[in-house]
Amino acid sequence: MAEKKILSKQRAQSILQSAAKKVVLVTGDAMLDQFIWGEVDRISPEAPVPIVNFKRESFMAGGAANVARNLTSLHCSAQMHSVIGRDEAGKKLRILLKDDQVDCQSLINSPARQTICKTRIIAQRQQIVRVDREAGSDLESQLTKRLTKSIEKGLSKSRAIVIGDYGKGIITQDFLNKLKQLGKQHKVWLSFDPKPVHSLDLSELSLITPNRKEAFELAGICDSTQNTKPLKDKNLMRVAKQLIDSLGLKILLVTLGELGMLICQPGKKAFHIPTLAREVFDVSGAGDTVIGTFTMAIAAGADPIEAAILANHAAGVVVGKLGTATVTPKELLDSF
């Protein structure tokens with residue numbers, strides 16, 4: 001069935017208008033993304049590495065914080081619930097989020113933690129290297145309790161939570177269990193972006209959004225072959241069925257890079273959505289755009305297929321931009 005028959009531009013506009021009246025809670029590893037921009041015209045005499053002539057630097061909210069700024073860019077209200085350091089990077093991140101209209105009242109500053117910061121050095125529109133500064137430990141139980149309380153309070157305005165796990169310590173099994181309990185008590189939609197390197201019980205979530213590699217790792221199956229037609233890829237379909245059945249998910253959304261997305265629901269045929277990206281400059285943060293847009297659409301009353309198509313359009317826009325990018329309602333609708 002043609003995508004345009006499932007989600008017209010008019011229906012997409014209606015979803016966006018409804019989303020502007022909704023609030024989505026975001027939790028997980030909030031980060032600061034630093035970009036150092038320059039040019040390369042020679043190799044270092046000290047080692048076989050390029051010398052980058054510095055031109056400028058910029059900062060953006062990254063990780064789970066990028067999900068929040070993607071939501072507000074689409075005019076959906078977002079609350080950021082996380083823990084950052086009481087440091088300069090934390091101050092910079094809070095300022096950036098406020099500039100992006102993200103509600104930061106529940107963003108906790110802790111002197112015991114370092115704000116996660118990723119520094120990317122870019123020359124001639126290509127990323128040369130990335131330097132990570134990380135918190136280095138799991139979230140302490142006292143901070144987990146504070147975070148859980150702030151989220152429960154936020155549920156007076158929202159019934160949707162995006163959980164961004166980047167394996168940096170905020171999302172522990174204890175915290176995830178508490179979020180599941182809140183989900184049951186308040187009938188809350190829980191979207192989760194998993195990192196298989198971080199072993200967690202992902203059962204009873206509403207949505208998970210692994211890429212192909214992550215999906216196979218979560219299922220414990222070796223990815224030996226790849227069919228360019230996802231619906232005919234027996235290994236991929238086997239993985240999808242196993243994850244749906246074993247985790248009791250409402251929806252599995254597997255992102256497939258240049259092959260688009262695969263959305264799977266219990267008892268229904270899988271649905272493949274081809275990519276819309278015409279030019280790919282930078283995939284940094286594209287997964288954040290997908291999970292944020294999908295959850296926003298669900299909160300606004302879209303069905304899962306509509307939400308996936310909208311998220312696919314949003315991803316197609318952001319990968320055509322450099323850096324950790326967002327998409328506006330106009331850009332999203334123009335993509336139709």
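Numerical summary
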{"read-out": "Residue match in the stretch 261-274 (condition: surrounded by 15 or more Cβ atoms within 10 Å (Cβ to Cβ), of a type in the set (A, V, I, L, M, F, W, C), assigned to a loop (DSSP other than H, G, I, E, B) and under 18 Å from the mean Cα position of the chain (by Cα))", "value": "no"}
{"read-out": "Test: Ala135 is crowded, with 20+ Cβ neighbours inside 10 Å and closer than 24 Å to Phe294 by Cα", "value": "no"}
{"read-out": "Qualifying positions in the stretch 115-135 - in contact (Cβ under 8 Å) with a residue 40 or more places away in the chain, in a loop (DSSP other than H, G, I, E, B) and closer than 13 Å to Met31 by Cα", "value": "Thr115, Ala135"}
{"read-out": "Hits in the stretch 286-304 - residues which are closer than 16 Å to Trp189 by Cβ and either under 16 Å from the mean Cα position of the chain (by Cα) or part of a helix (DSSP H, G or I) (or both)", "value": "Val290, Ile291, Gly292, Thr293, Phe294, Thr295, Met296, Ala297, Ile298, Ala299, Pro304"}
{"read-out": "Single residue of the stretch 219-260 satisfying the filter (polar (S, T, N, Q) and surrounded by fewer than 15 Cβ atoms within 10 Å (Cβ to Cβ)) that is modelled with the highest pLDDT", "value": "Ser246"}
{"read-out": "Criterion (of a type in the set (Val, Ile, Thr) and free of Cβ contacts under 8 Å to residues at least 40 places away in the same chain) met by exactly one of Ile6, Ile51, Ile15, Ile36", "value": "Ile51"}
{"read-out": "Condition check for Ala240: under 29 Å from Val317 (Cβ atoms), touching a Cys at 6+ places or on another chain (Cβ under 8 Å) and part of a helix (DSSP H, G or I)", "value": "yes"}
{"read-out": "Pair list, Cβ < 7 Å and 6+ apart or interchain, from the stretch 313-336 residues that are within 28 Å of Glu57 (Cβ to Cβ) to residues that are of a type in the set (Lys, Arg) and modelled with pLDDT of 85 or more", "value": "Thr326/Arg69"}
{"read-out": "Residue check, Lys180 in a helix (DSSP H, G or I), touching a residue at least 12 places away in the same chain (Cβ under 8 Å) and in contact with a Cys (Cβ under 9 Å, 6 or more places away or on another chain)", "value": "no"}
{"read-out": "Top-ranked residue of the stretch 310-336 - restricted to ones that are in a helix (DSSP H, G or I) and over 16 Å from the mean Cα position of the chain (by Cα), ranked as farthest from Leu190 (Cα to Cα)", "value": "Asp334"}
{"read-out": "Hits in the stretch 171-194 - residues which are among the aliphatic types (A, V, I, L, M) and in contact with a Lys or Arg (Cβ under 9 Å, 6 or more places away or on another chain)", "value": "Ile171, Val188, Leu190"}
{"read-out": "Criterion violated by Ile122 - all others in (1) under 28 Å from Val23 (Cβ atoms); (2) buried (at least 18 other Cβ atoms within 10 Å of the Cβ); (3) over 21 Å from the mean Cα position of the chain (by Cα) satisfied", "value": "(1)"}
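Okay, residues lined up against (1) modelled with pLDDT of 95 or more; (2) more than 30 Å from Thr144 (Cβ to Cβ); (3) not polar (S, T, N, Q):
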site: Lys9; (1), (2), (3): no, yes, yes
site: Ala47; (1), (2), (3): no, yes, yes
site: Gly63; (1), (2), (3): no, no, yes
site: His75; (1), (2), (3): yes, yes, yes
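The values are calculated or read from the model by the stated rules, or taken from the named source; none is laboratory data. For clarity, every value in this text was computed on a predicted model and none was experimentally measured. Virtual Cβ from ideal backbone geometry, glycine too; neighbours counted across all protein chains shown.
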